[in-house]
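Engineer: First the structure, which I've put down as structure tokens, then a few questions once you've had a look.
The values are calculated or read from the model by the stated rules, or taken from the named source; none is laboratory data. Everything numeric in this text was worked out from a predicted model, so none of it was measured. Cβ: placed from backbone, ideal geometry, glycine included. Neighbour counts: every protein chain shown. Each accessible area value is taken on the protein alone, full model and side chains, heavy atoms only, with ligands, DNA and RNA left out. Shrake-Rupley method; radii C 1.70, N 1.55, O 1.52, S 1.80 Å.
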Amino acid sequence: MVSRKRLSALILVLALIVPLLAACGGGTTSTATAVPGGTVPEATAATGGAVTTAPAATAATGGEATAMPEATAAISGTEATAMPEATAAISGTTGTGGGTEASGATAGASGDVTKIKVEDGATLRFAVAGNATEQKLYQDGVDRFTKVFPNVKVTLEPIPTDYDTAIKAGISGNTVQDVFLLDGELMGALGPNSQLLALDDALTASGAKTTDYYDPLVQIYQIDGKTYGLPKDFNSLVVFINNDMAQTASIDPASIKTWDDLKAAAQKMTTGEGPSKTFGMCLNPDIQRYGAAILQNGNAIIQDNKAVFNDAKGVAAIDFWYGFKKDGTGELYKEMGKGWCGEAFSGKNAAMVVEGGWIIPFLADPANGATDLNYTAIPLPIPEGGKPATWLFTNAFAANAKTQYPNAAAALVLFLTSAMNEKALIPSGLAQPSLKSLATDPYFTDNPVQKVLVEQGATGQLADSVLGGPIHKGDVIDALNKDAMEPIFLGAKTTQDALNEAAQAVDQALQK
Amino acid sequence: MATSASVAPHRERRAATLARREALTAYLFIAPYLLTAGIFTFGVLIYVFYTSFTNLTASFAVAQAKFVGFNNYIRAFQDSQFQIALGNVFWYFVVVTTIQTIGAIGLAVLLNAKLRGLQIYRTLLYAPSVASAVVLSLIFLWLYLRTGFINYVLGTNIAWLQDPRRILDAIYQPLGIKNVPDFLRGPSITWLAIMFLNIFSTIPTFMVMFLAALQDIPGHLYEAAALDGATGLRAFWSITLPLLRPVIALVVILGTIGTFLVFAQIAIMTQGGPLRTTLVPLYLIYQKTLGTGTQAEAGFGAAMAFILAFIIITITIIQRRYIESSTQQS
């Protein structure tokens, strides 16, 4: 009988321990999901495509903003003469060495945020995502803001993981911050439900115009003519090419203009066999990569709330990208055992990758062992007779509709997306300024890779908008990737069949 | 504690107050648990049940959610993804529960033998169970790489976590059978890889249960059987297994619940891919509810969760009935 007691006791203890272990496992899941393959957080940025900035280890972000009184004066004074001063002051402290050239800039949005009458003694909570580097940049922006508005106190509240979930929880619990970073997905969740503060009054008061920003970047944050968020920056998809490999294959990266050029280049740069094979192109079966090819080929993706990407030209576009896999001149990053294409590029497993600016800090990080890698960026090649198109990704700043200090919150949003603040951030190289006027910044003449990235602002389209808009994009992208891109690149279905199936699923998702 | 009619009245009253006081003390002791469970388990459960009849999205106050009746449930049954997820988890349940129960009994019998260094074996074999599912998943993520250890040992070249080929196709294709529904084509290679991981990590836990039960079986039964000429396998079938039945029931039920609720491995290793062959209900519910990569539809997610719970309860009841009734027969 004693032994039976022992048995029961043991089972009881196990019954207690097992759920506990299970709970421990479950609890840590949410943070660990972001690192498939044990890769760096950039992998998420790359595959999700929603993060416009990626961590940079080497970016010279300094910016003590000691010369800020000048900058303040600059803002309240007339822009034409004052802005260069502000720029000089900022670039002087960032230590990028671009200070002298920067003084010639004539950048500037048309607004003057100081005209917004902020609530005296307002205190704002400001939520941001991102790693330490990004948070430092946000803090610098806040410091600049408080120099201009000394009577407003801003506390930065970083949310490094599960950002969207945290904001949604904050909204439903009425504890959300006054100002926060907003991505397309959050816009879809919050915008139509009147959870965001309309910024139109503040825009009018300051004289700033939404047309100062690239149209697609700001349109996604507008509903019925009202603006609920302002894009803080953007990133674009381009082709990154390993210079050494190009040279070995005697290819001039700048000469790659068309799909045929790209295919030929990939062919020439594919070398070796077996595990040590170097592929010409790293592939990522994501509509947020190759969907742009459909647009280049003159085929819409969704038209009149109906999927049309399975039309002949759309199929041809996806077929073009699947061709790399079929010919053996390209390989999926997962098949190479990599967390994302950036790793395949840094590991020299692929000569070319289609990525955005987030790959730059990744390559510059000594931890990734590719600091000596020389690379060039070129715009996505287009088909014969096609038109340039690429995907853009953006994040915005927005304010909580229920904030106690709507004017101060709006002022912070407008300030952070003003020419003064965005210009100060250009040297960080993390993402490109969302203001059209800053594309001519002298920084870009010295940095050809960033120049290519920023130039895409003119022809790029926002994946979030084209793929069903903020509300439907989640389901549309999910359907396109799981019903079409994955089966196509795994060779499980023909391109036409898979796209037809995806079209059905997308139509269903759009009906909801 | 029980009072009987024959006891004197005043003693009865004293006993009654004593009983009441004891009950009160008992309730006081369990009050902290009752309170937290009441709010965070049952309260939330009721709220989620209510949610499953609304069109609530993850991010907003209830005020905006409209009552939609059984729409979410109807939609769940029609939803192709939910059907795929249920099909996948069914295969998972069948394969994992079977193999892990048999494996755990086998290991327990081995470890019940009188071996030198038994304690070391027991500790070593139990180790995988102590590691969290997340840690194990991350380790296996590396082992399963195309350039990983498992391919190296087996001499194969399979991308274990990206291979959507379904195993029963190996039977259908030579026979020329085409257009078989996905569910009948069996689990994919990736799904099998994850099944292996789960079996590997849960066998030891159940092994310990069986070990405890084995040590409880009186030795004289085996001695008596040996006198009758029943040893080895015969003794195992006729004595060990029948006496293990209550523990088998427990292990199968725990295993069933565990397999239906698989989540961490999927979230970390495959996110439901490739070709949705590892999509499971819990991951789908998580995605839909919080809107990670899809539209946030908490009401729909809640409905799927309740359907899943109903399925688990049904299967568990059937298993209990079956195992209990066969115990009575023997």
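Engineer: Which whole number gives the average, over all residues in B:136-143, of C-beta atoms from other chains lying within 10 Å of the residue C-beta?
Structural biologist: Working: counts 1, 3, 5, 1, 0, 5, 3, 0.
So the per-residue partner count for this stretch is 2.
Engineer: Separate question: Ranked highest first by the average count of other Cβ atoms within 10 Å around their residues, in what order do B:303-309, B:244-250, A:162-168 fall?
Structural biologist: Ranked by mean Cβ neighbours within 10 Å, highest first: B:303-309, A:162-168, B:244-250.
Engineer: Follow-up. Considering only protein heavy atoms and a 1.4 Å probe, what is the carbon-and-sulfur percentage of the accessible area of the stretch A:371-512?
Structural biologist: Details: 2270 of 4610 Å².
That fraction is 49 percent.
Engineer: Which whole number gives the average, over all residues in B:256-263, of C-beta atoms from other chains lying within 10 Å of the residue C-beta?
Structural biologist: 1
Engineer: For labels at A:Ala169 and A:Ala458 in the simple 7 Å Cα→Cβ model, what's the distance in nm?
Structural biologist: It works out to 4.6 nm between the two label points.
Engineer: Please identify the trypsin sites (Lys or Arg not before Pro) of the stretch A:376-477 that satisfy two criteria: DSSP loop assignment and at most 14 other Cβ atoms within 10 Å. Which are they?
Structural biologist: Values: sites: A:Lys402, A:Lys423, A:Lys436, A:Lys451, A:Lys473; in loops: A:Lys402.
When the trypsin sites (Lys or Arg not before Pro) of the stretch A:376-477 are filtered for loop state and at most 14 Cβ neighbours within 10 Å, A:Lys402 remain.
Engineer: Determine, from the Cβ-Cβ distance of A:Thr445 and A:Thr271 and an R0 of 25 Å, the FRET efficiency 1/(1 + (r/R0)^6), rounded to the nearest 0.05.
Structural biologist: Values: r = 34 Å, r/R0 = 1.38.
Step by step, r from the Cβ atoms, then E = 0.15.
Engineer: Each label point is 7 Å from the Cα along the Cα-to-Cβ direction; what then is the distance between the points at B:Lys178 and A:Lys402, in nm?
Structural biologist: 5.9
Engineer: Hey, can you rank A:362-372, B:231-241, A:488-498 by average C-beta count inside 10 Å, highest first? Walk me through the numbers before you get to the answer.
Structural biologist: Numbers: A:362-372: 15.6, B:231-241: 13.4, A:488-498: 18.8.
Top of the packing list down: A:488-498, A:362-372, B:231-241.
Engineer: Any idea of B:Tyr144's accessible area? Nearest 10 Å², probe 1.4 Å.
Structural biologist: In the full protein context, B:Tyr144 sits at about 10 Å².
Engineer: To continue, here is another question. Let a ≥ b ≥ c be the square roots of the eigenvalues of the Cα gyration tensor of chain B; is it rounded (a/c under 1.5), or, if not, prolate (a/b larger than b/c) or oblate? Spell out each step's value before the answer.
Structural biologist: Working: a/c = 2.03, a/b = 1.10, b/c = 1.85.
The shape class here is oblate.
Engineer: Then there's this: Checking the table A:Lys402/A:Lys423; A:Lys136/A:Lys338; A:Lys226/A:Lys402 against a 21 Å threshold on Cα-Cα, which pairs fail?
Structural biologist: Details: A:Lys402/A:Lys423 30 Å; A:Lys136/A:Lys338 29 Å; A:Lys226/A:Lys402 17 Å.
With Cα atoms farther than 21 Å apart: A:Lys402/A:Lys423; A:Lys136/A:Lys338.
Engineer: Can you compute the modelled spin-label distance between A:Ala132 and B:Leu233, with each label point 7 Å from Cα toward Cβ, in nm?
Structural biologist: Distance between the two pseudo-spin positions: 6.4 nm.
Engineer: Sticking with this structure for a sec: Any chance you could get the radius of gyration and Dmax over the Cα atoms of the stretch A:170-279, in Å?
Structural biologist: Expressed in Å, the Cα Rg and Dmax of the stretch A:170-279 come to 22.8, 64.
Engineer: For the stretch A:344-497, what class follows from the C-alpha gyration tensor (a ≥ b ≥ c being the square roots of its eigenvalues): rounded when a/c is under 1.5, otherwise prolate if a/b is larger than b/c, else oblate? Let's see the in-between values first.
Structural biologist: Numbers: a/c = 1.87, a/b = 1.22, b/c = 1.53.
It is oblate, given that a/c is not under 1.5 and a/b is not larger than b/c.
Engineer: Let me ask you something else. If the cut-off is a Cα-Cα distance under 29 Å, which lysines reach A:Lys334, setting aside same-chain residues fewer than 8 apart in sequence?
Structural biologist: Answer for A:Lys334, where 29 Å is the Cα cut-off: A:Lys257, A:Lys263, A:Lys268, A:Lys277, A:Lys313, A:Lys325, A:Lys326, A:Lys348, A:Lys473, A:Lys482, A:Lys493, B:Lys288, listed by chain and number.
Engineer: Right, next: Which value, in Å² rounded to 10, gives the accessible area of B:Phe260 with a 1.4 Å probe and all protein chains present?
Structural biologist: Solvent-accessible area, nearest 10 Å²: 10 Å².
Engineer: If amide hydrogens are placed 1.01 Å from N in the peptide plane, which non-local residues have theirs closer than 5 Å to the one on A:Gly298?
Structural biologist: A:Lys387
Engineer: Further, regarding this structure: Averaged per residue, what accessible surface does chain B expose to a 1.4 Å probe, in Å²?
Structural biologist: Ligands and nucleic acids excluded, the result is 55 Å² per residue.
Engineer: I'd like the FRET efficiency for A:Ser194 and A:Glu157, computed as 1/(1 + (r/R0)^6) with the beta carbon distance as r and R0 of 30 Å, rounded to 0.05. Display every interim value, and only then the final one.
Structural biologist: Values: r = 23 Å, r/R0 = 0.76.
Plugging the Cβ-Cβ distance into 1/(1 + (r/R0)^6) gives 0.85.
Engineer: Can you list the residues of the stretch A:474-499 that have at least 10 square angstrom less accessible area with all protein chains present than in their chain by itself, probe 1.4 Å?
Structural biologist: A:Gly474, A:Asp475, A:Asp478, A:Lys482, A:Asp483, A:Glu486, A:Pro487, A:Leu490, A:Ala492
Engineer: If you don't mind, another one. Between the stretch B:232-279 and the stretch B:91-163, what's the alpha-carbon centroid distance in Å?
Structural biologist: With the stretch B:232-279 and the stretch B:91-163 each reduced to a Cα centre, they are spaced 13 Å.
Engineer: I'd like to check one number: the per residue accessible area of the stretch A:213-280, probe 1.4 Å, reported in Å² as a whole number. Please report the intermediate quantities before stating the final value.
Structural biologist: Numbers: 2870 Å² over 68 residues.
Per-residue value: 42 Å².
Engineer: Within a 10 angstrom radius of each residue's Cβ in B:123-135, how many Cβ atoms of other chains show up on average? Whole number is fine. It would help to have the intermediate numbers written out before the result.
Structural biologist: On the way: counts 0, 0, 0, 0, 0, 0, 4, 2, 2, 10, 8, 10, 4.
The mean count of partner-chain Cβ atoms within 10 Å per residue comes to 3.
Engineer: How much accessible area is lost when chains A and B come together, counting both sides, with a 1.4 Å probe, in Å² rounded to the nearest 100? Write out the running numbers ahead of the final one.
Structural biologist: Numbers: alone 21010 and 19890 Å², together 37310 Å².
Between A and B, the summed buried area is about 3600 Å².
Engineer: Loop-only trypsin sites (Lys or Arg not before Pro) in the stretch A:171-236, please: DSSP not H, G, I, E or B, and at most 16 other Cβ atoms within 10 Å. Write down the numbers at each step before the final one.
Structural biologist: Values: sites: A:Lys209, A:Lys226, A:Lys232; in loops: A:Lys209.
Taking the stretch A:171-236 and a limit of 16 other Cβ atoms within 10 Å, the loop trypsin sites (Lys or Arg not before Pro) found are A:Lys209.
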